[in-house]
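The values are calculated or read from the model by the stated rules, or taken from the named source; none is laboratory data. Just so it is clear, the model here is predicted, and its values are computed rather than measured. Cβ atoms come from the backbone with ideal geometry, glycine included; neighbour counts cover every protein chain shown. Surface accessibility is based on the protein's heavy atoms, side chains included, excluding ligands, DNA and RNA. Shrake-Rupley method; radii C 1.70, N 1.55, O 1.52, S 1.80 Å.
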Amino acid sequence: HIEALFNELTEARSEHLAIDRLLNRFIDSVLSEVFFDPLKNETPEHWAVRTVSDLIDTKPQYGYTQSATEEPVGPKFLRISDIQEGQVDWDKVPYCECDEETKEKYQLEPGDLMVARSGATTGKTYLVKDPPAVAVFASYLIRLQISEYALPAYVYWFFQSPYYWAQVQPRGAAQPNVNATILSELKVPIPIEESAQIQIVNYLDKIQGEMVEVKRVQDQDRQLFDRLERSILSRAFKAEL
């Protein structure tokens, strides 16, 4: 009896994992269709291929080296570990000490594109949208400030695509490798008309919203599976089955 219940639960978990894998393949497929491979000489009409250095106002900037603290001794201090699934819970971001000149140098602005340059998340990106009034970023992040030629959100979305990862993590490489030079040389396919960039961003934002909702339901299912498992075990120990 208990074995049959566990078998059903295991099967349900397996189907659940299959949906997770399908979701990941789906977003990769969408991004592959929206963009094209900038390393191939097949640029569609009304598109161009630009390097990141063409698209930024200033050179890529490494963050501030300092210790984080839970005490509000200065500005919020954004670290790689604060970025989860492309989102930041600013209430949980720690603080750091720094003088006014340092604050000004590393102050985060809406539209900043942050790239992780170290650890397991190397190459992952975060688009700053609504930072606290005073917030700086840590040294294992690189900031790109996108020029008027491109929409920051458009560049962010390209950085989620397989064509970005193929450049950051070439075939055969042990792990992604990101620094200011590599970032500057990355090739980005981009529509010449800003309206086309806006259209792509809106389309991908909409899909992301739908994906977030599906993942929220998936998370609820996972919690349900855990509760069921605990309940089955509890009843088994009480010899109710």
Residue identified as surrounded by fewer than 19 Cβ atoms within 10 Å (Cβ to Cβ), part of a helix (DSSP H, G or I) and not basic (Lys, Arg) among Ala166, Ala133, Ala153, Ala120: Ala166
Breaking point among (1) among the small types (Gly, Ala, Ser); (2) farther than 22 Å from Phe26 by Cα; (3) at pLDDT 95 or above, for Ala133: (3)
Given the conditions (1) open to solvent by 30 Å² or more (accessible area, probe 1.4 Å); (2) assigned to a helix (DSSP H, G or I); (3) modelled with pLDDT of 95 or more, every one holds for Gln145 apart from (2)
Could you grab the pairs with beta carbons closer than 7 Å, sequence gap of 6+ or different chains, first residue in the stretch 17-34 and part of a helix (DSSP H, G or I), second one at pLDDT below 90 and open to solvent by less than 70 Å² (accessible area, probe 1.4 Å)? Ile19/Gln218; Asp20/Gln218; Leu23/Met211; Leu23/Val214; Ile27/Met211
Which is polar (S, T, N, Q) and touching a helix residue (DSSP H, G or I) at 6+ places or on another chain (Cβ under 7 Å), of Thr10, Thr51? Thr51
Scope the stretch 55-107; condition over 24 Å from the mean Cα position of the chain (by Cα) and part of a strand (DSSP E or B); matching residues: Thr69
Taking the stretch 85-117 as the region of interest, how many residues are open to solvent by 20 Å² or more (accessible area, probe 1.4 Å) and in contact with a Ser or Thr (Cβ under 6 Å, 6 or more places away or on another chain)? 1
Can you tell which of Val188, Val178 is within 21 Å of Phe35 (Cβ to Cβ), in contact with a Gly (Cβ under 7 Å, 6 or more places away or on another chain) and among the hydrophobic types (A, V, I, L, M, F, W, C)? Val178
Condition check for Val188: at pLDDT 85 or above, under 21 Å from the mean Cα position of the chain (by Cα) and either over 26 Å from Gly123 (Cα atoms) or not in a helix (DSSP H, G or I) (or both): yes
Within the stretch 75-86, does at least one residue satisfy the condition of being on the phi > 0 side of the Ramachandran plot and touching a strand residue (DSSP E or B) at 6+ places or on another chain (Cβ under 8 Å)? yes
Could you look through the stretch 25-82, keep only residues that are within 25 Å of Ser184 (Cβ to Cβ) and small (Gly, Ala, Ser), and pick out the one that is surrounded by the most Cβ atoms within 10 Å (Cβ to Cβ)? Gly63
Would a scan of the stretch 99-119 turn up a residue that is modelled with pLDDT under 95, in contact with a Pro (Cβ under 7 Å, 6 or more places away or on another chain) and of a type outside the set (Lys, Arg)? no
